[in-house]
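Novice: Okay, here's the structure, questions in a sec.
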Amino acid sequence: MVSKTPQLPTKSRKSKIYEIIFESDTSAGKFFDVALLCFIVVSIIVVLLESIQTYRDTYHLTFRIIEWIVTFFFLIEYLLRLYSIKQPLKYALSFYGIIDLLAILPTFLAFVISGGQSLMVIRGLRLLRVFRIFKLGSFMAQGNIILQSLNQSKGKIAIFLYFILIIVLIIGSLMYVIEGEQNDGFDSIPTSIYWAIVTLTTVGYGDITPATNIGKFISALVMILGYSVIAVPTGIVSASMINQARKVNGQACPHCGKEGHDNDARFCKHCGGDLSV
């Protein structure tokens, strides 16, 4: 009796579309992402050139044709994303889902709002997908780590900003007392506080400068203090990032489309969907 080799289940049409659009592991997926990136770049170049009067007058019709071709491509791509994903509403309300929708609307808004087509520059946000093309999806995961670190450090950062606010209030008031009568630049406490902020952040516009020796001495102290102050929030966030750091991959969840899961994860940490589907 001859045993038959078990046949692997064939993928459905929806699964194939999902693999091409949301994943970049296959040649078709890479080709689609490269094509998408090219359309984004072309769209942005058209918007930039159209803002120049000479090009707008000369190539107006050409710009309109290219705009509609690009918009049609984005519309088909957006509909395919909603069709192939298992939870289209979650994707539609996600960051990339909203960006995908905003990439389509400007062309149609041009019929209602004058100059609405200029909003097409928002398609530039979709260039973030370049990380997926070159298998650098972990960069997006690192971006999520930064956001999580900032969220965990918001209490410490708030206290730090409160401390800085007290410092600039004291220094600004002090400089107003010292320089106010001899320097027209420090003519009010708010103006002096503005100077303190500019000096403490080491920006140094130079539009207001102290004239007295005591004022110059305080300015030197504030500038030195500015360098030490910069290191504080950096250290707070860096410590939180070390705690948040973990190995992640660029696999997209078939249910919500979000990336940045652990290498050994079986379920999506955002929606709880099965990643092996």
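For (1) at pLDDT below 85; (2) of a type in the set (A, V, I, L, M, F, W, C); (3) not assigned by TED's automatic domain parsing to the domain that holds residue 17, each residue gets a yes or a no:
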site	(1), (2), (3)
33	yes, no, no
48	yes, yes, no
57	no, no, no
63	no, yes, no
77	no, no, no
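Novice: May I pose another question? For the structure I just gave you, tell me whether residue 208 is crowded, with 16+ Cβ neighbours inside 10 Å and in contact (Cβ under 8 Å) with a residue 40 or more places away in the chain.
Specialist: Against the criterion (crowded, with 16+ Cβ neighbours inside 10 Å and in contact (Cβ under 8 Å) with a residue 40 or more places away in the chain), residue 208 does not qualify.
Novice: Ok, one more. State yes or no: is residue 40 surrounded by 11 or more Cβ atoms within 10 Å (Cβ to Cβ), modelled with pLDDT of 85 or more and within 14 Å of residue 103 (Cα to Cα)?
Specialist: The answer is no for residue 40.
Novice: Do we find a residue being within 30 Å of residue 182 (Cα to Cα), assigned by TED's automatic domain parsing to the domain that holds residue 171 and at pLDDT 75 or above anywhere in the range 229-239?
Specialist: Yes, there is a match, as at least one residue in the range 229-239 is within 30 Å of residue 182 (Cα to Cα), assigned by TED's automatic domain parsing to the domain that holds residue 171 and at pLDDT 75 or above.
Novice: A follow-up question, please. Here are some residues: 84, 27, 51. Which one is crowded, with 18+ Cβ neighbours inside 10 Å and either under 30 Å from residue 269 (Cα atoms) or of a type in the set (Gly, Ala, Ser) (or both)?
Specialist: From the options 84, 27, 51, the qualifying one is 84.
This table checks each residue for (1) more than 26 Å from residue 49 (Cα to Cα); (2) modelled with pLDDT under 80.
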site: 95; (1), (2): yes, yes
site: 101; (1), (2): no, no
site: 106; (1), (2): no, yes
site: 120; (1), (2): no, yes
site: 128; (1), (2): no, yes
site: 134; (1), (2): yes, yes
site: 137; (1), (2): yes, yes
site: 145; (1), (2): yes, yes
site: 151; (1), (2): yes, yes
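Novice: How many residues, within the range 54-109, are more than 21 Å from residue 32 (Cβ to Cβ) and touching a Phe, Trp or Tyr at 6+ places or on another chain (Cβ under 9 Å)?
Specialist: 4
The values are calculated or read from the model by the stated rules, or taken from the named source; none is laboratory data. Not measured: the values here are computed from a predicted model. As a convention, Cβ positions derive from the backbone with ideal geometry for all residues, glycine included, and neighbour counts pool all protein chains shown.
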